[in-house]
1. Given the criteria farther than 28 Å from E339 by Cβ, surrounded by fewer than 18 Cβ atoms within 10 Å (Cβ to Cβ) and in contact (Cβ under 8 Å) with a residue 24 or more places away in the chain, does R278 qualify?
2. Within segment 361-398, how many residues turn out to be of a type in the set (D, E) and open to solvent by 40 Å² or more (accessible area, probe 1.4 Å)?
3. Of the conditions (1) open to solvent by 60 Å² or more (accessible area, probe 1.4 Å); (2) modelled with pLDDT of 95 or more, A264 clears all except one; give me its number.
4. So in segment 180-207, with the set limited to residues that are more than 24 Å from D234 (Cα to Cα) and in contact (Cβ under 8 Å) with a residue 12 or more places away in the chain, which one is surrounded by the fewest Cβ atoms within 10 Å (Cβ to Cβ)?
5. Taking segment 81-104 as the region of interest, how many residues are outside any loop (DSSP other than H, G, I, E, B) and either of a type in the set (F, W, Y) or surrounded by 14 or more Cβ atoms within 10 Å (Cβ to Cβ) (or both)?
6. So, in segment 348-357, exactly how many residues are within 14 Å of E328 (Cβ to Cβ) and under 38 Å from the mean Cα position of the chain (by Cα)?
7. Looking only at segment 417-435, which residues are part of a strand (DSSP E or B) and at pLDDT below 55?
8. Just the residues that are closer than 19 Å to A263 by Cα and either in contact with an Asp or Glu (Cβ under 7 Å, 6 or more places away or on another chain) or part of a loop (DSSP other than H, G, I, E, B) (or both), please, taken from segment 397-416.
Amino acid sequence: MWRALLFIGLLCVAAFGAVWLADRPGTVLITFGGYEVQMSVAVAAIALAGLALALALLWAAVSTILRLPSRLTFASRARRRSRGYQAVSRGMVAVGAGDTIAARRYANEAERLLGHEPLTLLLKAQAAQVSGNREAAEAAFKQMMDEDETRVLGLRGLFVEARRRGDADAAREFASEAVRLAPAAAWASDAVLEARCAEGDWRGALDAIERRTSLGLLDKATAKRHRAVLLTADALDRAEPDPEGALRSAQDAVRLAPDLVPAAALAGKLLARRGDLRRAAKIVETAWRSQPHPDLAEVYLNLRPGDSGLDRLKRAETLFKLSGGAPEGRLAVARSALESREFDRARDALEPLLADRPSMRVCLLMSDLEQAEHGSTGRGREWLARATRAPRDPAWIADGVVSDHWAPISPVTGRLDAFVWQAPPDVLIAPEITMSDDVTADLDDEPRALPMTPVREELQTAAAASSVAEPASAPAEPVAAVETVEAAWPEPAKEDTPSPRAEAVVFPATPPDVPKPEEPASARRSAFSLW
């Protein structure tokens with residue numbers, strides 16, 4: 001619409017000019033080289049317009065002829081780039097489909113047409129990885145290091161290749177360099193944190209958590225939890241050589257995560273060792289309300305060494321009330337009552353746990369109760385036999401590994417805060433660890449295989465020790481009793497015998513704590529409040 005109005009306006013202006021010239025006759029005289037040309041003003045105007053148009057057409061023709069080679073070259077390059085990017089696209093599809101021959105062909109064609117373009121180098125590396133040619137893949141990633149825009153991608157590829165061949169030092173160096181160049185790169189930040197945790201550098205891992213939080217890579221709740229886990233790991237490492245430093249780290253962890261059982265248990269133990277029983281009890285009670293745990297019960301019942309069994313029973317009753325009748329509270333009461341030879345109270349505490357299928361700890365406590373009250377009888381041996389087939393009690397589990405002790409990272413994947421307290425299933429299927437050939441997927445898939453480090457080897461050893469039938473931490477007396485009963489007890493029927501399952505790892509439950517021997521009467525004192 002506007003263009004039509006503009007065109008009509010221009011026509012009106014031209015018509016007005018023509019009429020204006022027609023109303024004002026005149027002559028134009030041109031003298032050049034002895035020649036004179038005389039014409040009217042209208043004819044002169046038309047001649048001038050025609051001359052301008054001819055000059056414009058001549059200039060356009062000359063310019064077209066002059067730019068023709070460059071235009072032909074540009075068109076050839078455009079067709080070449082179009083074919084190159086088409087080869088890149090088809091090569092990526094071939095890589096995704098696992099067609100190694102097509103991937104290599106398209107990678108070579110893309111490199112011939114496009115040269116060392118970022119996408120060409122990436123396709124070349126991907127094709128080499130799919131084909132299993134690690135040397136060619138590393139060469140392509142090193143070529144990426146020469147350009148600023150692809151340097152971080154090259155570092156990631158070199159990191160993946162270094163981790164695949166088990167070179168932890170080189171992988172850590174590549175990740176650290178990537179963090180320096182691109183602090184917001186999540187994969188590099190994760191790799192640096194993972195490496196520091198694997199080495200036991202908890203303070204360095206804390207710095208990595210702070211940096212990730214400041215960059216927005218972690219939400220505040222997760223960062224707070226991770227800091228608490230790392231502080232707990234630092235406190236556990238320093239508990240013996242530096243108790244004061246360990247106590248500071250444990251208290252900081254408790255402030256960040258009051259429900260973190262290992263932090264609360266260690267802080268309570270160290271505070272009790274210093275004689276600060278009130279603060280120790282408060283920390284343990286707070287964690288106990290969130291998650292009743294046998295480690296917390298152990299610390300709480302033994303806050304003050306030398307107390308009588310009745311004193312410990314009184315504190316166990318407090319835990320039972322705080323837990324709202326949770327099974328762990330009943331077990332704490334039953335064990336304390338058994339130590340103080342309050343057999344009726346122990347039976348009352350365990351009775352609700354016998355209604356369904358009692359767990360292994362419940363069966364063993366009932367066996368100890370029967371033997372302590374009535375001596376070595378068939379009833380005690382019956383409970384021992386039931387314990388061998390009873391459901392297992394909760395334990396620390398991470399990535400299919402059952403452990404008696406908490407650890408800050410998973411011994412399988414190196415994941416931070418992986419251990420959870422829960423009842424393990426009867427059969428645990430070992431997690432399958434796969435390594436992808438895609439550099440863009442290697443760092444994003446869980447779980448992933450990691451190089452062994454001293455800390456991870458120690459975790460693997462501890463996990464293996466907790467998975468055997470007779471843990472080293474178990475006292476000798478109950479093991480001997482179980483062996484004696486198993487030798488005398490008849491073999492169960494075949495239908496009760498669990499059949500082995502292929503490709504499965506069976507982890508036995510953790511044996512319960514054995515009741516302490518009865519204290520002499522002279523060593524007992526009347527129950528009194530600690531606080």
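The values are calculated or read from the model by the stated rules, or taken from the named source; none is laboratory data. As the structure is a prediction and not an experimental result, all values here were calculated from the model. We place every Cβ from the backbone using ideal geometry, glycine too, and count neighbours over all the protein chains shown. Remember, those area values only see protein heavy atoms, side chains included, never the ligands or the DNA or RNA. Shrake-Rupley method; radii C 1.70, N 1.55, O 1.52, S 1.80 Å.
1. On the way: farther than 28 Å from E339 by Cβ: no; surrounded by fewer than 18 Cβ atoms within 10 Å (Cβ to Cβ): yes; in contact (Cβ under 8 Å) with a residue 24 or more places away in the chain: yes.
The answer is no for R278.
2. Selection size over segment 361-398: 3.
3. Tallying (1) open to solvent by 60 Å² or more (accessible area, probe 1.4 Å); (2) modelled with pLDDT of 95 or more, A264 fails exactly one: (1).
4. First, pick out the residues of segment 180-207 that are more than 24 Å from D234 (Cα to Cα): 180-187.
This time we only want the ones that are in contact (Cβ under 8 Å) with a residue 12 or more places away in the chain, so: 181-187.
Values: L181: 13, A182: 17, P183: 14, A184: 11, A185: 20, A186: 14, W187: 20.
Among those that are more than 24 Å from D234 (Cα to Cα) and in contact (Cβ under 8 Å) with a residue 12 or more places away in the chain, it is A184.
5. Going through segment 81-104, the residues outside any loop (DSSP other than H, G, I, E, B) turn out to be 81-97, 100-104.
Okay, now just the ones that are also either of a type in the set (F, W, Y) or surrounded by 14 or more Cβ atoms within 10 Å (Cβ to Cβ) (or both), so 83-92, 94-95, 100, 102-104.
Residues in segment 81-104 being outside any loop (DSSP other than H, G, I, E, B) and either of a type in the set (F, W, Y) or surrounded by 14 or more Cβ atoms within 10 Å (Cβ to Cβ) (or both): 16 in total.
6. Taking segment 348-357 and keeping what is within 14 Å of E328 (Cβ to Cβ), we get 349-350, 352-353.
Retained after the next criterion (residues that are under 38 Å from the mean Cα position of the chain (by Cα)): 353.
Here the count works out to 1.
7. From segment 417-435, those part of a strand (DSSP E or B) are 420-422, 428; that's our starting set.
Answer for segment 417-435, where residues must be part of a strand (DSSP E or B) and at pLDDT below 55: just L428.
8. Within segment 397-416, the subset closer than 19 Å to A263 by Cα is 397-398, 403-410, 415-416.
Correct list: D404, H405, W406, A407, P408, S410, R415.
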